[in-house]
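As structure tokens, the structure follows; a few thoughts come after it.
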Amino acid sequence: VFNDEDADGCSDVDETITYTFTVTNEGNVSLSDIVVTDPLIAGITFVDGDTDGDGELDVTETWTYTADYAITQDDIDAGQVTNQATVAGTDTNDNPLSDLSDDTSVLEDNPTVSPLCQSPAIAILKVGVFNDEDADGCSDVDETITYTFTVTNEGNVSLSDIVVTDPLIAGITFVDGDTDGDGELDVTETWTYTADYAITQDDIDAGQVTNQATVAGTDTNDNPLSDLSDDTSVLEDDPTVTGVCQDAAIAIIKVGVLNDEDADGCSDVDETITYTFTVTNEGNVSLSDIVVTDPLIAGITFVDGDTDGDGELDVTETWTYTADYAITQDDIDAGQVTNQATVAGTDTNDNPVSDLSDDDSVLENDPTITEICQGDPNDAIAIIKVGVFNDEDADGCSDVDETITYTFTVTNEGNVSLSDIVVTDPLIAGITFVDGDTDGDGELDVTETWTYTADYAITQDDIDAGQVTNQATVAGTDTNDNPVSDLSDDTSVLEDDPTVTGVCQDAAIAIIKVGVFNDEDADGCSDVDETITYTFTVTNEGNVSLSDIVVTDPLIAGITFVDGDTDGDGELDVTETWTYTADYAITQDDIDAGQVTNQATVAGTDTNDNPVSDLSDDTSVLEDDPTVTGVCQDAAIAIIKVGVFNDEDADGCSDVGETITYTFTVTNEGNVSLSDIVVTDPLIAGITFVDGDTDGDGELDVDETWTYTAEYTITQDDIDAGAVLNQATVEGTDTNGDIVSDLSDDDSTVEDDITTTELCQGASIALIKTGIFNDENGDGIAQVGETISYTFTVINNGNVTVTNIVITDPLTGLVLNGGPIASLEPGEVDNTTYTGEYTITQADIDAGEVVNQALATGQDPNGDDVSDDSDDDSPIEDDTTITILPQGSSISLIKTGVLNDENGDGFAQVGETITYTFIVTNTGNVTVTNITIDDPLPGLELNGGPIAELQPGEVDSTTFTGVYVITEEDLLNGEVVNQAIATGQDPNGDDVIDISDDDTNLEDDETVTTLPQGSLELEKTGAIVDLNGDEFTQEGELIQYTFKVTNTGNVPLFNITIDDPLVTVEGGPIDLLPGEMDSTTFTATYILTEEDIDALIVINQATVTGEDEDGNVVTDLSDDPTEIADVDVEGDGDPDDPTVTIITGVLNEEDVEVFNGVTPDGDNSNDIFIIRGIDRFPDNTVQIFNRWGVEVYFREGYLNDTDAFDGTSQARATLNKGKELPVGTYYYILRFVNDDGETRQQAGYLYLNR
């Protein structure tokens, strides 16, 4: 019963349906363990009916249950809620029984259908916002209005195929709102669309845009619905009105052009000015009734601009007018004509608009001013200036402060007298009037020429320039008080060239260079890289300034300017002296020469870019002598002699005939190069030069070190003395031919000590210790108690007799025999006096070796101890003696499993356990440590460990245990098979590994634990029996069912029966051994009903039930072996497809042809379900169902087109609409009306593959 909880007369999400479940006992025995379940409802509540309160459903009782179900949007969209409950119980023999619910009858199993009311509705709101895109505060053509369309579902069912249209707008864009992405407008969703509209001039002239949109869609029953938009409410349908602003404005620009009609270059009375009037629409609406007026002009003529000829000044138009005006004498007297026009019109709202003219801008209202000429005052006066140089000291060249006399001639070049005449010159302070005012009126008449004069004292800059260039100015006033003026020319009244007066030039330069030696280390003499500081004094010996002064010296890279440019102009003036300085690092060649001689050069450029230069002198600007700077000389030499003893037989001591190698190092300790170097030694006949003359010039340079070498053969006397003492001498010649020499020292160039080379005297012995393992039982490996025998060899490898030699050995347990050795001569060997015996331990075997070292000690003739640590094979080493002990490390692992039948039923069930025992044995001869066990069996709980240590032969069977919980997959396999790995480390840290066996240390077989279980498999097939042989199926004809039962478990099963809710199954019960099959005992016959004929299909499923010897029940749902989908409903690994029997209807074969294979793989072959000839019968329907009778496709008016069945779910009430269907067997039902008006139908299998 539907509960309309908000009393709105229709269903809403979360309103409820109250279900009542009535359970009756339709048999003749009491039933217990009654359970009512419903896949739609989680909790079902028992109400009443157990009249005797015994918890059993008696034959006479009716039990009532109730539950509430909250309806969903999907339910409302479907228009109904369809579901079915199941009741289950147990009879008095503990047999299970159950029933699917019916809506009205205890004899049927029809689902319960609860209809839900549907009320589809849709609404749309449209809102417009004007976008002032140029931000000018008003609307313009092509600016936009953004419309937002808000679509809501005002009903209670989902809506699809939503389309928003607007006659004003071509493209409307979906924005958002489909929150679940299913393409349906859900009841809770609000969808938003948007579109932009470009406004037109007509819209602006109208002052608004008015329009209305429409939304359309389809409800869940494919009924169309729509709504006209409103601007504010989902309940109304008013158009959306968006206002656009209007701004009416007009502007006029007036421009005048003077017409010089007699072409005399100036204005005359009655010449004209032509005025052009440009009128523009500066607003955003069209204007009419345009009129231009001007108080100065009677007739103004329209020229052009009304492009569309509508008599309106459009926003995009510019209208042009013109008129002529004749100028008067007053205009010429004023020098200009000034006036202003007016334009007037009417906007679209009949409001007047007007504007006063401007001369160049639509934004201003300035009068138009047209200038007229009155001659050029700049052409009315002229001046000529001439200069003469005065050589006042008669030296033939110019000097500072000699003078130039200038004469200025002024004339009137216009047609009026000029007054207030003034001559000025920026070069001269006082200019004197001479004559020319013939009538003495103080005015420069047109016929007069006035003369002026002045003197100018020349400067150094003038001489540098080689000339004096300047220009005077004459100024005056015309009769209209206008100023007149002219720049002077040197020859003509028509030009304005400056007056240039030449002066003579004489350029010259000089440099003096002085050097001072710097004794920087204050040693009283010169050294390489000590410096000479040079000072360069540069003077200007001519009469012009010099620039680009550069001082260079081939000896010096960088010369630095110090001072002298007093005016900072970068020029060497005639009065200036410039100073430069530079340091020069003296070289060995300079010291060898005893002086440094060189010369600098100064260069520059005179004012005419001519080069000037001079070679330096040491004292005078008039000479060019080089500068010579003396450096002191100090000659000295030194030799160091070093001797190295050569132990040529590598015995660590000296022998007669062995040698000493002497190295002689000769250095130049002075500051001049030395030649003719000779090294002599009274002890050695031949001394050989090795290297050091880096430049190959045969001279011992100050920075060179020469090396000599010689060998000396030692004698017995030298050894007796314990050392060799001697001294060498070196001689050479300095750059002045003087001899220098030195006696050798052993380590210093400032001393003359004799070189002493020590010779050794020493005693030495050596001990060799060797060990041999005795494998006394001959098994190839070491055991505790076996022995090692040691041999000791003593050698005197010194040059003196060693006595009282004793051997000691720290090895615990070693028995050392023999000794001491009384005496051992140099070179003598003893290998018999000492022997040893050692018994090995387990620790030794674990180590894999025995390592030890002995010590031999004796006394030399001086009573000093001589000793040696033993080596294993050499008298010159001290390696420990290592005796290898053969090892064999190994372990073994045995793993056994025991099934724990925890419920005692004799079978394994999911959740029961297997207990595993692990036995680890050390089968080697070394201790194994840190033994762990790893078992890859998923879900195994492994406890214990690690085993810290396991001695050889030791067994551990308690440390590790494991428990494993049996899974469904294990039961399907019938056994649990696995294998563990034991890993430990031998004494060397190497892994010792074994894979487990099930019963022995010698194998690696897997541990297999068998799981006793029972399992059945049932296959059911149906075939129609055509009783009357007419090849068509009618009500009352039969379906014959056959059943194949197989024992797929590993235990015998008994009392096997089959139950089918559709039919009574005959035959049985039977017993089956594991693997045994029966296909003949069970059969069933079903009589077809009219409902079956109408449905064209019968679907059903049977259940097989058996029990093992302990009474445990085993069941299986039947499978249809012809179905390829093989859906495993029970999850037991066997398919459980229901048995589908297709009923053949009445259909003339010549009408249509059905192709029942669909392979939608895009190869254009059978990609869709093809019914050939169906286009002849448009009144048709096609339904396609899956194996469980769920409709997956429905279409009226089926065609072989793009909407044909292509393997995707497309039925009206199908979940996952549009999704690909799984591969498998489906069945179709085709109904159509033929040309005779007869209804035909056919059903059959449809095979879907990909």
Return yes or no: is ASP445 touching a Leu at 6+ places or on another chain (Cβ under 9 Å), among the charged types (D, E, K, R) and at pLDDT 90 or above?
no
If THR501 satisfies all but one of (1) part of a strand (DSSP E or B); (2) in contact with an Asp or Glu (Cβ under 8 Å, 6 or more places away or on another chain); (3) closer than 27 Å to VAL544 by Cβ; (4) not charged (D, E, K, R), what's the number of the condition it fails?
(2)
Evaluate segment 997-1018: report whether one residue or more is within 30 Å of GLN1241 (Cα to Cα) and either assigned to a loop (DSSP other than H, G, I, E, B) or of a type in the set (Asp, Glu) (or both).
no
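Go through THR409, THR432, THR438, THR451 for me and flag whichever is at pLDDT 90 or above, among the polar types (S, T, N, Q) and over 24 Å from ASP481 (Cα atoms).
Numbers: THR409 fails: over 24 Å from ASP481 (Cα atoms); THR438 fails: over 24 Å from ASP481 (Cα atoms); THR451 fails: over 24 Å from ASP481 (Cα atoms).
Exactly one of THR409, THR432, THR438, THR451 is at pLDDT 90 or above, among the polar types (S, T, N, Q) and over 24 Å from ASP481 (Cα atoms), namely THR432.
It is to be established whether one or more residues within segment 1028-1039 are of a type in the set (D, E, K, R), surrounded by 13 or more Cβ atoms within 10 Å (Cβ to Cβ) and not assigned by TED's automatic domain parsing to the domain that holds ASP1060. Before you say what the answer is, go through the steps one by one.
Our first condition is that a residue be of a type in the set (D, E, K, R); within segment 1028-1039, this holds for 1030-1031, 1035, 1037.
From the residues that got through so far, the ones that are surrounded by 13 or more Cβ atoms within 10 Å (Cβ to Cβ) too are 1037.
Keeping just the survivors that are not assigned by TED's automatic domain parsing to the domain that holds ASP1060 gives none.
Within segment 1028-1039 (the criterion being of a type in the set (D, E, K, R), surrounded by 13 or more Cβ atoms within 10 Å (Cβ to Cβ) and not assigned by TED's automatic domain parsing to the domain that holds ASP1060), the answer is no, since none of the residues qualifies.
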Kindly establish whether ALA782 is crowded, with 20+ Cβ neighbours inside 10 Å, at negative phi and either among the polar types (S, T, N, Q) or assigned to a strand (DSSP E or B) (or both).
no
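Taking the options THR791, THR812, THR801, name whichever one is surrounded by 14 or more Cβ atoms within 10 Å (Cβ to Cβ) and closer than 26 Å to ASP846 by Cα.
Numbers: THR812 fails: surrounded by 14 or more Cβ atoms within 10 Å (Cβ to Cβ); THR801 fails: closer than 26 Å to ASP846 by Cα.
Checking each option against the conditions leaves just THR791.
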ASN156 is checked against (1) without any contact (Cβ under 8 Å) to a residue 40 or more places away in the chain; (2) among the polar types (S, T, N, Q); (3) more than 30 Å from ASP347 (Cβ to Cβ) and fails just one. What number does that condition carry?
(1)
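Quick one: is ASP12 under 57 Å from the mean Cα position of the chain (by Cα), among the acidic types (Asp, Glu), surrounded by 13 or more Cβ atoms within 10 Å (Cβ to Cβ) and outside any strand (DSSP E or B)?
Working: under 57 Å from the mean Cα position of the chain (by Cα): yes; among the acidic types (Asp, Glu): yes; surrounded by 13 or more Cβ atoms within 10 Å (Cβ to Cβ): yes; outside any strand (DSSP E or B): yes.
Here the answer is yes, as ASP12 does meet what is asked.
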Of the residues in segment 146-158, those that are at pLDDT below 95 and among the hydrophobic types (A, V, I, L, M, F, W, C) number 1
Heads up, the strands (runs of 3 or more DSSP E) in segment 350-406 (entirely inside) with at least 3 residues that are over 30 Å from THR276 (Cα atoms) and either modelled with pLDDT of 85 or more or over 60 Å from the mean Cα position of the chain (by Cα) (or both) are 381-390
What is the one condition in (1) surrounded by fewer than 16 Cβ atoms within 10 Å (Cβ to Cβ); (2) of a type in the set (Val, Ile, Thr); (3) touching a residue at least 60 places away in the same chain (Cβ under 8 Å) that VAL23 does not satisfy?
(1)
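Here is a yes/no grid of residues against (1) closer than 30 Å to ASN796 by Cβ; (2) at pLDDT 95 or above; (3) within 60 Å of the chain's Cα centre (by Cα):
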position: ILE660; (1), (2), (3): yes, no, no
position: THR663; (1), (2), (3): no, yes, no
position: VAL666; (1), (2), (3): no, yes, no
position: SER673; (1), (2), (3): no, no, no
position: ASP697; (1), (2), (3): no, no, no
position: ASP701; (1), (2), (3): no, no, no
position: THR713; (1), (2), (3): yes, no, no
position: ASP718; (1), (2), (3): yes, no, no
position: ASN736; (1), (2), (3): no, no, no
Can you find a residue in segment 809-828 that is out of contact with any His (no Cβ under 7 Å at 6 or more places or on another chain), among the hydrophobic types (A, V, I, L, M, F, W, C) and under 30 Å from VAL992 (Cβ atoms)?
yes
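Pick from segment 236-258 the residues that are in a loop (DSSP other than H, G, I, E, B) and touching a residue at least 40 places away in the same chain (Cβ under 8 Å): which of them is farthest from ASN339 (Cα to Cα)?
Taking segment 236-258 as the starting set, the residues that turn out to be in a loop (DSSP other than H, G, I, E, B) are 236-239, 244-249.
In the following step, the residues that additionally are touching a residue at least 40 places away in the same chain (Cβ under 8 Å) were identified as 244-249.
Details: VAL244: 39, CYS245: 35, GLN246: 32, ASP247: 29, ALA248: 26, ALA249: 22 Å.
Here the residue is VAL244.
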Among the residues of segment 308-319, is any outside the structural domain of ASN482 (by TED's automatic domain parsing), under 18 Å from GLY256 (Cα atoms) and buried (at least 18 other Cβ atoms within 10 Å of the Cβ)?
yes
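Does at least one position in segment 1023-1038 carry a residue that is modelled with pLDDT of 90 or more, of a type in the set (Val, Ile, Thr) and either under 25 Å from ASN1112 (Cβ atoms) or not in a loop (DSSP other than H, G, I, E, B) (or both)?
Start the filter on segment 1023-1038 by keeping residues that are modelled with pLDDT of 90 or more, which leaves none.
Looking through segment 1023-1038, none of the residues is modelled with pLDDT of 90 or more, of a type in the set (Val, Ile, Thr) and either under 25 Å from ASN1112 (Cβ atoms) or not in a loop (DSSP other than H, G, I, E, B) (or both).
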Could you say which residue among ASN259, ASN223 is in the same structural domain as PRO367 (by TED's automatic domain parsing), farther than 27 Å from PHE130 by Cα and modelled with pLDDT of 90 or more?
ASN259
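Under the condition of being at pLDDT 85 or above and in a loop (DSSP other than H, G, I, E, B), which residue from segment 902-917 is farthest from the chain's Cα centre (by Cα)? First the steps, then the outcome.
Of all residues in segment 902-917, those at pLDDT 85 or above come to 902, 910-917.
Right, trim to in a loop (DSSP other than H, G, I, E, B) and you get 902, 910-912.
On the way: GLU902: 60, VAL910: 51, GLY911: 51, GLU912: 54 Å.
For segment 902-917, the residue satisfying everything is GLU902.
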Residues in segment 948-958: is at least one among the β-branched types (Val, Ile, Thr), under 54 Å from the mean Cα position of the chain (by Cα) and either closer than 30 Å to ASP846 by Cβ or assigned to a loop (DSSP other than H, G, I, E, B) (or both)?
no
Please work out which one of (1) in a loop (DSSP other than H, G, I, E, B); (2) on the phi < 0 side of the Ramachandran plot is the condition GLY55 fails and give its number.
(2)
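The values are calculated or read from the model by the stated rules, or taken from the named source; none is laboratory data. Please read these numbers as outputs of a predicted model, since none were measured by experiment. Virtual Cβ from ideal backbone geometry, glycine too; neighbours counted across all protein chains shown.
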